[in-house]
Every structure is written in structure tokens, then in C-alpha cells.
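> For reference, the structure I am asking about is given below.
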There are 4 protein chains.
Amino acid sequence: MPRPRIEDAEDRLLAAGLNLFARRGTERVNTNTIAKRARLAIGTFYAHFPDKHALLREIQMRTIGALRNARVEATRGAGTNPEEQVRASAVAAVAFAESHAEAYRVTFGRERAGAAAHGPVVSESSRPTADGLRRLQAAGRLDPDLDPDLAARAYLAMEVGTILWWLDDPVRAGREGVVDTLVRLHPAQAARVG
Amino acid sequence: MPRPRIEDAEDRLLAAGLNLFARRGTERVNTNTIAKRARLAIGTFYAHFPDKHALLREIQMRTIGALRNARVEATRGAGTNPEEQVRASAVAAVAFAESHAEAYRVTFGRERAGAAAHGPVVSESSRPTADGLRRLQAAGRLDPDLDPDLAARAYLAMEVGTILWWLDDPVRAGREGVVDTLVRLHPAQAARVG
Amino acid sequence: MPRPRIEDAEDRLLAAGLNLFARRGTERVNTNTIAKRARLAIGTFYAHFPDKHALLREIQMRTIGALRNARVEATRGAGTNPEEQVRASAVAAVAFAESHAEAYRVTFGRERAGAAAHGPVVSESSRPTADGLRRLQAAGRLDPDLDPDLAARAYLAMEVGTILWWLDDPVRAGREGVVDTLVRLHPAQAARVG
Amino acid sequence: MPRPRIEDAEDRLLAAGLNLFARRGTERVNTNTIAKRARLAIGTFYAHFPDKHALLREIQMRTIGALRNARVEATRGAGTNPEEQVRASAVAAVAFAESHAEAYRVTFGRERAGAAAHGPVVSESSRPTADGLRRLQAAGRLDPDLDPDLAARAYLAMEVGTILWWLDDPVRAGREGVVDTLVRLHPAQAARVG
DNA sequence: AATGAATGAGATTTCATTCAT
DNA sequence: TATGAATGAAATCTCATTCAT
């Protein structure tokens with residue numbers, strides 16, 4: 001009987017899932033609770049997502065995309081000078097994490113959605129950074145001994161770890177301090193030549 | 001029917017848990033499987049640990065302790081010069097992770113450890129690093145604008161993230177490359193003065 | 001695989017629980033057996049009741065309500081004279097116990113009902129009796145030294161104990177004998193004045 | 001190795017069991033806890049009792065025997081007049097329950113030790129009362145229509161129920177009030193002739 | 001006789017998923 | 001499309017009991 005054509009069922013499920021995953025952790029949330037929080041029946045959940053992890057993956061994919069867009073936008077607006085680029089990217093990441101704390105935590109937090117889900121996500125994200133480092137090496141502005149992939153991966157682990165720590169306890173450091181530290185320790189700065 | 005007076009039930013449970021947690025992830029392992037793998041009855045599990053997470057915590061505590069000892073040992077054997085100290089510590093961490101890959105993954109891996117259980121662990125671990133940075137600042141050998149706690153935390157996130165990535169795919173980089181990168185990006189190097 | 005849109009799952013669980021509790025006693029019955037007896041999956045049990053004791057409580061509450069209704073009905077139909085009232089109530093209780101033997105046993109039987117769960121139930125039930133005794137005392141028709149609450153409680157313990165004994169072995173005494181004894185030993189008779 | 005010849009292992013187990021059964025109810029207590037409370041190993045429990053219910057039965061048997069002795073003693077000291085006998089017996093029961101509250105509760109309380117354990121216990125106890133009533137009928141001092149077995153059983157249910165209620169909340173009535181009520185409602189009084 | 005680690009059947013409870021309506 | 005009662009595999013945890021020492 002009940003078929004009231006819910007307009008935004010999917011969005012409501014995503015929002016409910018995001019909120020619950022962030023609060024309780026991926027494994028502590030069940031689909032019935034997500035559906036209830038979205039004020040939908042459990043059947044509606046399965047009409048929109050094949051299973052619980054599909055919802056999580058969707059949240060993470062959207063978050064990663066949005067963060068990437070924010071970085072692109074920010075670096076486009078910045079100068080061409082490496083430090084400006086690095087800083088713009090860090091500022092964008094910190095600002096994004098601040099305004100989308102739940103999504104950031106669910107996507108990058110100390111938890112996982114089935115072993116492999118994460119690795120690809122992060123290594124994918126590290127490619128632009130690695131490419132940037134390679135360009136700096138080609139231009140003779142970065143220590144040629146540095147392994148760009150390794151360094152890019154190291155930087156992103158640092159960025160994520162630092163931002164998560166800061167989100168959990170924002171009092172310990174200001175936003176600017178976080179950005180400064182990230183920039184300082186970014187390979188493009190830390191291993192720059194000249 | 002009990003009978004066989006097991007010699008080292010607790011050790012066998014720890015070993016079985018470590019192996020299974022590393023392979024499948026904390027949430028995909030159950031106490032029955034751990035007990036079976038240890039060739040013990042399920043009741044024996046609960047005679048030794050109140051629940052699954054207690055076993056996990058014990059594994060993590062032992063790992064953190066062992067890693068700390070390895071670092072202390074290594075830095076004691078190294079020179080007093082900051083770079084030597086930093087390198088010795090990184091070498092120790094990488095070697096430890098290599099020889100205790102499962103324990104390293106279970107303890108530091110991107111995996112739920114009961115959410116909050118982890119934060120304290122890592123921030124505790126970052127104290128020696130932060131103290132080292134403070135000493136360098138006091139000696140005028142490190143940029144005084146750097147926040148030592150923030151930088152220490154950032155470095156550890158980087159170290160852990162890089163090592164985990166390397167453990168998952170050791171072909172991408174050699175052990176020396178990893179160590180070099182860690183040393184290069186360590187705050188004591190990256191922001192050194194003079 | 002769900003499927004068969006059960007019509008009256010809750011009623012069937014109540015019936016199955018009643019039957020099994022009466023036969024084996026509360027602690028010797030488990031939720032799996034109740035669900036199986038009701039031809040339902042165990043999950044269905046927990047969809048309707050939070051746990052085994054909630055089912056038991058529901059059975060007891062319904063039984064107490066039904067018995068109270070039976071008494072009210074019976075005493076309304078009886079004359080206003082105390083003995084008639086007392087007899088009508090006893091007849092109603094005995095008839096109820098006879099036609100709902102399982103429910104009577106489960107509700108009043110010498111069996112754990114979660115220790116304290118029972119006390120209130122019985123003391124609540126004893127209030128009408130106590131009030132009746134007070135009225136008789138006010139009318140000078142009952143020994144004023146009798147403590148009405150104590151006497152009411154004593155009578156109900158007697159009524160329940162006697163009926164349970166009779167239910168277990170109805171041959172030892174006829175229904176009328178039971179009623180006569182109850183009336184005889186009811187405080188309103190035993191301590192009547194004039 | 002450990003064989004320190006425990007002097008009173010059995011007594012300690014009985015005391016521990018009594019205390020725990022009274023506090024938590026028969027089904028909520030396990031043998032390991034009883035042994036621990038008695039400061040004995042679990043093996044020692046099974047060296048003295050075949051199983052948990054044997055311990056309970058022993059406690060109940062001892063309690064019933066002690067109560068019977070107390071009644072015998074008390075009625076022997078009383079006059080031969082029926083009311084004195086009845087009162088002496090009630091006083092003895094109330095005093096016994098007061099000074100052995102745990103044992104009284106464990107033996108007569110609203111709980112059971114496996115369905116059948118109790119019935120025999122109580123019907124056994126009701127025989128002396130029934131015999132007394134028969135003697136009164138033979139002497140023409142008690143209504144000959146009263147069924148002595150039924151009345152005896154009814155009285156004992158009342159006595160036990162009233163005393164248990166009083167033990168749980170001794171403030172509601174004094175010891176004398178309880179005794180008076182019991183005597184008042186005892187068949188020998190309630191249905192006496194002449 | 002006393003010990004207590006070990007046992008494992010069994011009870012409780014959860015929750016991802018289905019499907020008739 | 002939406003519903004939500006029903007499902008049942010699977011996980012957690014308990015505890016009476018055994019037996020080598």
C-alpha cells in the first residue's frame with residue numbers, strides 16, 4: 001500500500017549513514033538503524049543500495065571527490081610557485097575537513113570498510129602530489145634522490161593523520177598552526193634545493 | 001571433558017589472535033575461530049580474556065612496548081647528533097615492522113581498535129619525539145616557530161602510514177628508501193636551522 | 001528468506017511461552033524453544049519481545065488482569081452480604097485457575113519470576129481484600145484487632161497456595177471443598193463478630 | 001600438590017551456597033562462585049556434592065528439619081490446649097524465620113529448585129497440622145465438615161506466604177501481629193466448635 | 001582430599017537481507 | 001517504489017563438570 005514516492009530517499013540514507021558511521025564507527029551501525037534514522041523502511045534501503053558497504057563506499061567516494069575538487073579549485077586560484085601551491089592545497093584540505101568533519105572522519109578515519117577499500121583510495125589521491133614532486137625534480141628544485149611516490153604517500157599519511165588528530169581535539173592547535181606544519185614538512189619544502 | 005593441561009594457553013591465544021587479526025581484520029574474526037586456531041576450547045578463551053577486544057588490546061600493548069624498547073635500544077647505540085638519532089629511530093621502526101609485520105599492522109593499521117583506544121596510544125608515543133624537537137629548539141637548531149607537539153604527531157602519522165604502505169607492497173621501495181624518506185621529512189631535518 | 005506474513009506472531013509466542021513455562025518452569029525453557037514451538041524463527045521472537053522475561057511478564061500481567069476481571073464480575077453478580085462476596089470471589093478464583101491452569105501456575109507458581117517482580121503483583125492484588133476487611137471493621141462486623149493488610153495478604157497466600165496444590169492433584173479434594181475451605185478460613189469469616 | 005586437609009569444607013560450601021542462593025536466587029548462582037565464596041577450588045565442591053542442586057537440597061532439608069525441631073520443642077513446652085499449641089507453633093515458625101531469614105527464604109521462597117523438589121517438602125510438613133485437626137474433630141471441637149488435609153495445606157501456605165512477606169518488609173507489621181494473624185486464621189481457631 | 005585450567009554444549013542476542021503486500 | 005515483519009546464520013558468552021596433578 002504505502003508508495004508515497006520519496007523524493008530524496010537516497011540523500012536521506014546517505015546523510016543518515018554518514019552521521020551514524022561518524023558517531024559510532026562503521027561496524028557499530030546496522031542497516032535497520034540507518035533506515036530508521038532516514039525515516040524510511042529497511043526495504044527502501046535495499047531498494048537504493050545493494051548492501052551496507054555500498055552506502056559507505058558511496059559516502060567515501062563522494063568525500064574523496066569533493067576533497068579533490070576543493071584542492072583543484074584552491075591550487076588553481078593560487079600562484080604557480082611551489083610553496084603557494086602546497087599551502088593552497090593544505091589550506092583546502094584543512095578547511096574541507098573542518099566543514100565536513102563527519103565525512104572526513106568516515107572516509108579517512110582509523111577504521112576500515114573491509115580491508116582493501118582504503119588503500120586504492122589513498123594511493124589514488126597521492127598521484128597528483130607525486131606528479132608535482134616529479135616536476136620539481138625535473139626543474140632541479142627538489143632533491144633528486146627523493147622517491148616521489150614514497151614521499152607523496154608519506155606526506156598524505158601525515159596530512160590525514162594530523163588533520164584527524166586536530167579534528168578530535170581542535171584546541172591543541174589552531175588551524176593556521178596545522179597548515180604551517182603541513183607545509184613545513186611537505187616534501188616540496190623539506191627537501192627543496194636552492 | 002577437559003584433560004590436557006595446556007602449557008601456554010594464553011600465549012597460543014595471543015599468537016592465534018595476532019595472526020587472524022592481521023589476516024582478516026579485527027571485526028572479521030570471532031572468538032570461536034581464535035580459540036580453534038589456538039587448538040583450545042572457546043571456554044578457555046574466556047578463562048583468559050574477558051572478550052575479544054581485551055585480547056586485541058593486549059596484543060597492541062605488547063607491540064607498542066616492544067617497538068618503544070627497540071627505539072630506545074637503537075637510539076642509545078647511536079651518536080648524540082640529531083640526525084643520527086632520528087635515523088636510528090627510523091631504522092628501528094622499519095626493522096621492527098618488517099620482522100613483526102602482523103603485530104605492526106594489527107597495532108597501527110587502519111582498522112578499528114575501539115575508536116578511542118588508539119588516540120592515547122599514538123599521542124603517548126609522540127611524546128619522546130616532541131621532547132627531542134623541543135631540545136633542538138632550545139639549542140637553536142630547529143625553527144622556533146614549529147609547534148613541537150604538532151610536528152611530532154605529524155611525523156608519527158607519516159612514519160606509520162609510510163611503513164604500513166610499504167609493508168603492503170614492499171616491492172615499490174626498498175627499506176633504505178623508506179628510511180631515507182622518513183629521515184628527510186622528519187621535522188628535525190625538514191625545519192632545521194643552520 | 002522470510003516470506004510467510006504471519007498473522008498473529010505475538011499471540012503464538014505468548015501461547016507457546018505459556019505452555020512451555022507451565023510445563024518446564026521458567027528457567028528450563030529457552031527462547032529458541034519458544035520460537036520453535038510457535039513455528040517462528042528466533043529472530044521473530046526478538047522482534048516482539050526484548051527478552052524471555054518480557055514474555056513471561058506479559059503473560060503474568062494478562063493473567064492477573066483476567067483474574068481480577070473475573071473476580072469483579074463475580075462479586076458484582078453476588079449479593080452484598082460479606083459471606084456471599086467472599087464466596088463469589090473464591091469461586092471465581094478457583095474456576096479461573098481450573099480453566100486457565102497453565103496461566104495460573106505460571107503466574108502464581110512457586111517459581112522465580114525475577115524475584116521482586118512478584119511481590120508488588122500480589123500486594124496490589126491484596127488491596128481489595130484489605131479494603132473489604134476495613135469496611136467490615138468499620139461496620140463492627142469484624143474483630144477490630146485484626147490487621148487488615150496482614151490478614152488480606154495472609155488470605156491471598158492461602159488462596160494461591162491451596163489452589164496451586166489442588167491444581168497439581170485435583171483428586172485430593174473437590175472444587176467445592178476447596179471453595180468451602182477458602183471461605184471458612186477467610187478473615188471475614190474466621191474473625192467475624194456477632 | 002595442594003592438600004591442606006580442609007576441616008570444614010562442606011560447612012563452608014553450605015554457608016556460601018545459602019548466602020548466595022538467598023541473595024541472588026537459585027538460578028543466578030553458579031558453582032564456581034559458590035566455591036570461590038567458600039575459599040575453595042571448584043574441584044572441592046564436586047568432591048563434596050554431586051552437583052549444584054544437591055547442595056540446595058541439603059540446605060533445604062536441613063532447614064526443614066531445624067524448623068520442625070523448633071516447632072516440636074515449642075509445642076512440647078506449651079499447654080495441651082489447642083490454641084496454646086497453635087500459637088506456640090506459629091511463634092516458633094516466626095522466630096525461626098527471623099533468625100534464619102536466608103535459609104527460610106531459600107527453602108520456602110518464591111523460587112524453585114526444579115519443579116518437584118518443593119511439593120513433597122511442604123506436604124510432608126503439613127501432616128502434623130492435619131493430624132492435629134483430625135484430633136480436634138474427633139474430640140468434637142472442630143467443624144467436622146472441614147477437610148483436615150486441605151485445611152492444613154491452606155494454613156501452611158498462609159503461614160509461609162505471610163512470613164515471607166513479612167521478612168521482605170518487616171516494618172509493615174510487628175512480629176506479634178504476624179503471630180496473632182496466623183493464630184486467628186488457623187483452622188483450629190477459625191472453624192472451632194463451642 | 002584438594003586444586004583449578006580446560007572443556008564444550010547450549011543459551012542469548014544481533015542484524016543483513018528477503019519478499020509478499 | 002515503499003513497506004516492515006519475518007528470517008536464521010552467526011557471534012558472544014556462560015557455567016556445570018572433568019581430571020591430571
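> In debye, nearest 20, what is the charge dipole magnitude of the protein assembly as shown about its Cα centre with +1 on Lys and Arg Cβ and -1 on Asp and Glu Cβ, if you could check?
Dipole about the Cα centre, nearest 20: 1020 debye.
> How far, in whole Å, is the nearest Cβ of chain C from the axis relating it by rotation to chain A, and which residue carries it?
C:G43, 3
> Taking neighbour Cβ counts within 10 Å as the exposure measure, how do B:M61, A:M158 sort from fewest upward?
Ordered by Cβ neighbours within 10 Å, fewest first: B:M61, A:M158.
> Quick check: the distance between the Cα centres of the stretch A:124-194 and the stretch C:76-108, to the nearest angstrom?
One Cα centre to the other: 84 Å.
> Could I ask something else about it? Distances in nm, one decimal, shortest first, from B:R57 to the same residue in every other copy, taking the label point 7 angstrom along Cα→Cβ.
Distances to the matching label points in the other copies: 3.1, 3.5, 4.3 nm.
> Let me test this: with uniform point scatterers at the alpha carbons of the stretch B:1-49, what is the Debye-based log₁₀ I(q)/I(0) at q = 0.32, 0.33 1/Å?
The computed values of log10 I(q)/I(0) come out as -1.30, -1.35.
> Copy-to-copy spacing for B:V193, label 7 Å out on the Cα-to-C-beta vector, in nm, shortest first?
When each copy's label point is compared with this one, the spacings are 2.8, 10.3, 11.7 nm.
> Next question. Taking springs between alpha-carbon atoms closer than 10 angstrom, which of C:N81, C:N19, C:N69 fluctuates most in the Gaussian network model of chain C?
Its mean-square fluctuation being the largest, the pick is C:N81.
> Another question about this same structure. Let me check I have the definition right: for chain D, take the eigenvalues of the Cα gyration tensor, multiply each by 5, take square roots. What are those semi-axes in whole Å, largest first?
Value: 37, 16, 15 Å, ordered largest first.
> Next up: Using label points projected 7 Å from each Cα along Cα→Cβ, tell me how many nm separate D:N69 and C:A47, to one decimal.
6.0
> Once the mean 1/r over all distinct Cα pairs of the protein assembly as shown is inverted, what Kirkwood radius in angstroms do you read off?
33.0
> Another question, if that's okay. Taking the Cα centre of chain D as the origin and placing charges on Cβ (Lys, Arg +1; Asp, Glu -1), which of D:G65, D:A191, D:V91 is farthest toward the positive end of the dipole?
Result: D:G65.
> About the Cα centre, and with charges only on the beta carbon of Lys, Arg (+1) and Asp, Glu (-1), how big is the dipole of chain B? Nearest 20 debye, please.
With only Lys, Arg, Asp and Glu charged at Cβ, the dipole is about 600 debye.
> Modelled label-to-label distance, B:R62 and D:N30, 7 Å Cα→beta-carbon offset: nm?
Simple spin-label model gives 2.5 nm for this pair.
> Moving on. Enumerate the aspartates and glutamates that C:K52 could reach by cross-link, defined here as Cα to Cα under 12 Å, with residues fewer than 8 away along the same chain left out.
Within reach: C:E27.
> Mind checking which of D:P82, D:P128, D:P50 has the largest fluctuation in a GNM of chain D, springs on alpha carbons under 10 Å?
D:P50
> Right, next: What is the dipole size for the stretch C:1-49, taken about its Cα centre, with +1 at each Lys and Arg Cβ and -1 at each Asp and Glu Cβ, in debye to the nearest 20?
Roughly 260 debye, rounded to the nearest 20.
> Residue farthest toward the positive end of the dipole of chain B, with Cβ of Lys/Arg at +1 and Asp/Glu at -1: which of B:Q137, B:A154, B:A103?
Result: B:A103, furthest along the dipole toward the positive end.
> Which of D:V183, D:V178 comes first, and how do the rest follow, when ranked by fewest Cβ neighbours within 10 Å?
D:V183, D:V178
> With springs only between Cα atoms under 10 Å apart, run a GNM on chain D and tell me which of D:E102, D:E73, D:E159 wobbles the most.
Of D:E102, D:E73, D:E159, the Gaussian network model singles out D:E73 as fluctuating most.
> Which semi-axes, in whole Å and largest first, does the equivalent ellipsoid of the stretch C:19-92 have when worked out from the alpha carbon gyration tensor as the square roots of 5 times its eigenvalues?
Whole-Å semi-axes of the equivalent ellipsoid: 37, 12, 9.
> Tell me which residues come under 5 Å, amide H to amide H, from C:L142 once H is placed; ignore anything under 5 positions away on its chain.
It is C:Q137, C:V193, by chain and number.
> Which order do B:T162, A:T75 fall in if you start with the one that has the fewest other Cβ atoms within 10 Å?
Listed from fewest to most nearby Cβ atoms, that is A:T75, B:T162.
The numbers here are math on the coordinates, done by the rules we state, and not lab data. These figures come from a predicted structure and were not determined experimentally. Virtual Cβ from ideal backbone geometry, glycine too; neighbours counted across all protein chains shown.
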